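Engineer: The structure under discussion is supplied below as structure tokens; questions concerning it will follow.
We did not get these values from a lab; they are worked out from the coordinates using the rules stated. Every value quoted in this text rests on a predicted model; they were computed, and no experiment measured them. Cβ coordinates were reconstructed from backbone atoms using ideal geometry, including for glycine residues, and neighbour counts include every protein chain displayed.
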Amino acid sequence: DIITDEGRTDVKHWNRLEGSSSGQTHIDVAQEGFMSVWAHPIDVHYSTTTIHGWPKFYCEVWSQDMHGRFALAGYGFCHLPSSPGTFQLDICTWRPVPQSWADQVRAWFLGAYPRLKTTDLVWRQDDRYRLSTASCGVVKLELSVVTFGFEKYGVVFSSEGLT
């Protein structure tokens, strides 16, 4: 998902003109020691008159066990670059871990790991410090950012981002 305006989906400053701000990709079974490749295209166009609420990329990674059960493998997000160009981004993923011994056994045998009630905790730091989490790997994202017309609002881009 592409999240704007500090995680609110009732976007006030950013208007989606074209494309989908969310999507789902296919399953890939990687050979041991190799990466899974999804190759999911992201093509979304926004208009805005401010840099407030610059978009973020949010993802959930799911796994499927040998019994065909799906389980959350991890949550992750990254801030999208604020300058034009092509970028390679690493999104560190994590998931909540079971707290009690019984929950740990349930997670191991049933694949029933805890999930967040509201996913805005993924990109908001407010209450996340209270969670016990485990690192779940890295999603590598390659994307290009194109900007247009910001000059008329006094926004200048440099190689380091906004100035």
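Engineer: Length gain on complete extension for the stretch Glu32 to Arg106, per 0.36 nm per residue less the alpha carbon to alpha carbon distance? Spell out each step's value before the answer.
Structural biologist: Values: separation 74, 0.36 × 74 = 26.64 nm, distance 2.60 nm.
That works out to 24.0 nm of additional length.
Engineer: Report the full-extension gain for the segment Gln64 to Ile42: residue separation times 0.36 nm, less the Cα-Cα distance, to one decimal in nm. It would help to have the intermediate numbers written out before the result.
Structural biologist: Details: separation 22, 0.36 × 22 = 7.92 nm, distance 2.38 nm.
Gain in length upon complete extension: 5.5 nm.
Engineer: Would you kindly derive the ³J(HN,Hα) couplings of region 139-151 from the backbone phi angles with the Karplus curve 6.51 cos²θ - 1.76 cosθ + 1.60 (θ = phi - 60°), listing them in order in whole Hz, with x for Gly and Pro?
Structural biologist: For region 139-151, the Karplus curve yields 9, 9, 10, 10, 8, 10, 10, 10, 10, 8, x, 5, 4 Hz.
Engineer: What do you get when you divide the Cα radius of gyration of region 60-154 by 2.2 N^0.38 Å, with N the number of residues?
Structural biologist: Details: Rg = 17.7 Å, N = 95, 2.2 N^0.38 = 12.4 Å.
Dividing the Cα radius of gyration by 2.2 N^0.38 Å gives 1.42.
Engineer: Sticking with this one: So what does log10 I(q)/I(0) come out to for the chain at q = 0.11, 0.13 Å⁻¹, using the Debye formula with one equal point on every Cα and no solvent?
Structural biologist: -0.55, -0.74
Engineer: Taking 0.36 nm per residue of sequence separation and subtracting the Cα-Cα distance, how much length would be gained by fully extending the chain between Asp90 and Phe148, in nm to one decimal? Kindly include the intermediate steps, with their values, before the conclusion.
Structural biologist: Working: separation 58, 0.36 × 58 = 20.88 nm, distance 2.56 nm.
Fully extending the segment from Asp90 to Phe148 adds 18.3 nm.
Engineer: HN-Hα J couplings of region 101-112 from phi, Karplus 6.51/-1.76/1.60, θ = phi - 60°, integer Hz, Gly and Pro as x?
Structural biologist: Residue by residue, region 101-112 yields 4, 4, 5, 5, 5, 4, 5, 5, 7, 9, x, 8 Hz.
Engineer: Tabulate in residue order the Karplus-calculated ³J(HN,Hα) for region 118-135, using 6.51 cos²θ - 1.76 cosθ + 1.60 with θ = phi - 60°, rounded to whole Hz; enter x for Gly and Pro.
Structural biologist: Each residue's phi maps through the Karplus curve to give 10, 7, 5, 5, 5, 9, 9, 8, 3, 10, 5, 4, 7, 7, 8, 10, 10, 5 Hz.
Engineer: Sticking with this one: Quick one: net charge around Val138, please, counting Lys, Arg +1 and Asp, Glu -1 for every other residue with C-beta under 14 Å from its C-beta. Please list the in-between numbers first.
Structural biologist: On the way: positive: Arg95, Lys140; negative: Asp90, Glu142.
Around Val138, the charge tally is 0.
Engineer: Another question, then. Take the Cβ-Cβ distance between Val155 and Ser132 as r, set R0 to 45 Å, and report the resulting FRET efficiency rounded to the nearest 0.05. Numbers along the way, then the final one.
Structural biologist: Numbers: r = 40 Å, r/R0 = 0.90.
Between Val155 and Ser132 the formula returns 0.65.
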